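To start, the structure itself, in structure tokens.
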Amino acid sequence: MCGIAGFTHLGSPAEPGRIAHITQTITHRGPDQQGHFEDSTVSLGAVRLKIIDLGSGDQPIRSEDGNSVIVFNGEVYNFNELRAELESLGHRFRTHCDTEVVLEAYRAWGFSSFKRLRGMFAFAIWDQRKRELFVVRDRLGIKPLYFYQHNEDLIFGSELKVLLDHPAVPRQLDLEGLTYYLSLNYVPQPYTLAAGINKVRPGCFLKWREGQLTQEPYWTLAFNPEPNMTLAAATAELDHLMQLSTKEHLIADVPLGIWASGGVDSTTVLHYATQQAGRRLKTFSVSFVGRNFDESPWFREVAKVYDTDHHEFDVNPTSGLIDAIEQLAFYSDEPSADAGALPVWFLSKMSRQHVTVALSGEGADELFAGYQTYLADQYATQARRVPRWLRKSGLGLLNLWPASDDKISLEYKTKRFLAGSLESVEEAHLYWNGTNSLTAKRQLAPGLNHRPASDLYRRLPTESATVGELNRHLWLDQSYYLPDDILYKCDRMSMAHSLEVRPPFLDHRIVEFAARVPQHLKLHDGTLKFILRELVRGKIPPSVLSRPKQGFDIPTHHWFRTVLKPLLLDTVTERAVRESQIFSWPAIEKMINQHMSRRINAGYPLWGLLTLFLWMKRWNIKTQAAATDSVPRQTATIS
């Protein structure tokens, strides 16, 4: 696992030491080694966290013929079989790492080699003879990759801070990205919150040649449900794929462990890892002692059943919350309105004290319909048969009750469900998934050109309309929510502590399989992740299968009324809000006061505002300039 950075300098020589300086900003991603390459056109940098081939493999790596250079972030799990094939073609290797295999694969097969890679990665290859630079991101967007076009030149890197450190990149807030952030609590690709900076789309590569830049896909997410697929056939295929994927994800020359929440997803990974590893595994969990969403009874039982070397950390007001939140402004790269980033921070910090690699259960919910959101989508079909005025009246009566601190309480869920049922099918799904209402967004930031969050559905291929409502929601969540929220926070929080996290469920063979599974094998008679549950029935503890679904979260509502109140009031101040010339101080002040008096629960939008203002302050993001003279967004051509 590593971090990469680079830029072209077609018009003038690179500033001496610039590549070393910007690469230095991401040393947390690779504290074991740092290297650079420069010629008259391109500067490349890499930092390395040594996972495989500890004795060699330092970056950048040059090809056998000396013509091409690579900087690489991630893991390619099928590198040994690719290496064997390349050796049969006459290629010779000086290292035993996957980075050199990726480079030699490019030499053998060109950009068609990208689709042959199985893993999580972001890398850049400079072909000196052809004068071409390729910048490539993995299929699911597990590893991050940003870019900025400055006239004829390209600037790119693993994290936003790499680009913000380059003098050609302005530090201005992107208003289009901000509208999505306020809507979804995350920023969907290709947007970011920094004007002019884009994310490379998952499954795509940039090609730069003599100042011309294009972005092309080498893999596309496609749903092709097979209505005649049986449960027996589906579970047999998934069992085979999980064995293959988990075996590959265990490859490492450093200590490795498992993130275990006690839920179905992480326990499934632990089950297959135990079968494949042949040794006692380490497991890591965070608890919330005293809270009703504390998962410690389940993950302790799982650790006992699988006889793991178990470690846990309790997240509470004395855990160093304030310090961690303030550090997020640097390490999170962009602000994350997903408060679940905080427990991932503490989980990563604890895990790194014992291992360098951790396997996780990310992706299963989005592949096989694991969120209660999907149940709400289904139930709303019946709820909309009730007259709208009656549902609206019921919501009004519920809103007269004092707001509970607990997001999993019946009162909280009922309010959210009724409010969502008043929206369109698409808006309701996104609202239940954490989206803020259009009315609330317009009140908070009246100067922005707000759009419905459901605009994201328009980006889906036209064939998405024919795969069924559930699959359409899954398609959207796999395309945006998964890479831009779930995987984003996992990558930033883990790499802040130099920890590599691998998600076996996101092997692209499993993703493509899930896209073939019919809807009724994902959500069946009210059972979420039906196929996955049937797969592991009799394999994992029955209590894990019967326990209710719980999110990885913090008691946001309660903490903003107590331990986080001073930080909120010191950060989201009247002066900071008014100076932005974007937000409405009366609206924000009203929301804060209503939250403190328990008239509403606004913990999630308040978290989004807190992290946003902390981030803008940390990186000196100019909101006023962005509001009056926004930088035009430059997006590479899709061909």
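If you take every residue apart from K441 with its C-beta less than 15 Å away from the C-beta of K441, what net charge results, scoring Lys and Arg +1 and Asp and Glu -1? With Lys, Arg at +1 and Asp, Glu at -1, the net is -1. Taking each DSSP H run with n ≥ 4 as -39500 (n - 2.57) and averaging over every residue of the chain yields -11500 deg cm²/dmol at 222 nm. Summary of packing: across the peptides 109-115, 187-193, the per-residue average of other C-beta atoms within 10 Å ranks them, highest first, as 187-193, 109-115. Seen from A380, the other residues with C-beta closer than 15 Å to its C-beta sum to a net charge of +4, counting Lys and Arg as +1 and Asp and Glu as -1.
The antiparallel fraction among DSSP beta bridges confined to the chain stands at about 75%.
Listed by chain and number, the lysines whose C-alpha is less than 22 Å from the C-alpha of K392, apart from same-chain residues fewer than 8 away, are K407, K413, K415, K441.
Packing around the peptides 335-348, 78-91, taken as the average count of other Cβ atoms within 10 Å per residue, puts them in this order, highest first: 335-348, 78-91. Coordinate range of the alpha-carbon atoms in region 555-628 per principal axis, descending: 36, 23, 16 Å. For Cα pairs less than 8 Å apart in space and 6+ apart in sequence, what is the mean separation divided by the residue count of region 34-119, i.e. the relative contact order in percent? Reported relative contact order: 28 percent.
Per-residue packing, averaged as other Cβ atoms within 10 Å, sorts the ranges 138-150, 568-580, 93-105 into the order 138-150, 93-105, 568-580, beginning with the highest. Straight-line cross-link reach from K522 at under 16 Å between alpha-carbon atoms covers these lysines, not counting any fewer than eight positions away in the same chain: K549.
For region 520-534, the Karplus equation 6.51 cos²θ - 1.76 cosθ + 1.60, evaluated at θ = phi - 60°, returns couplings of 5, 8, 9, 10, 10, 6, x, 9, 6, 6, 4, 5, 5, 5, 5 Hz by residue, with Gly and Pro reported as x.
Comparing Cα centroids, region 414-448 and region 13-29 end up 42 angstrom apart. Quick check: the distance between the Cα centres of region 215-249 and region 68-119, to the nearest angstrom? Here the two parts' Cα centres lie 24 Å apart.
Mean separation of Cα pairs under 8 Å and 6 or more residues apart, divided by the residue count, gives the chain a relative contact order of 17 percent.
Dipole of the chain computed with +1 at Lys/Arg Cβ and -1 at Asp/Glu Cβ about the Cα centre; of V536, V47, G394, farthest Cα towards the positive end is G394.
Each value in this text was obtained by applying a stated rule to the coordinates, not by laboratory testing. None of the values given here were measured: they were computed from a predicted structure. Virtual Cβ from ideal backbone geometry, glycine too; neighbours counted across all protein chains shown.
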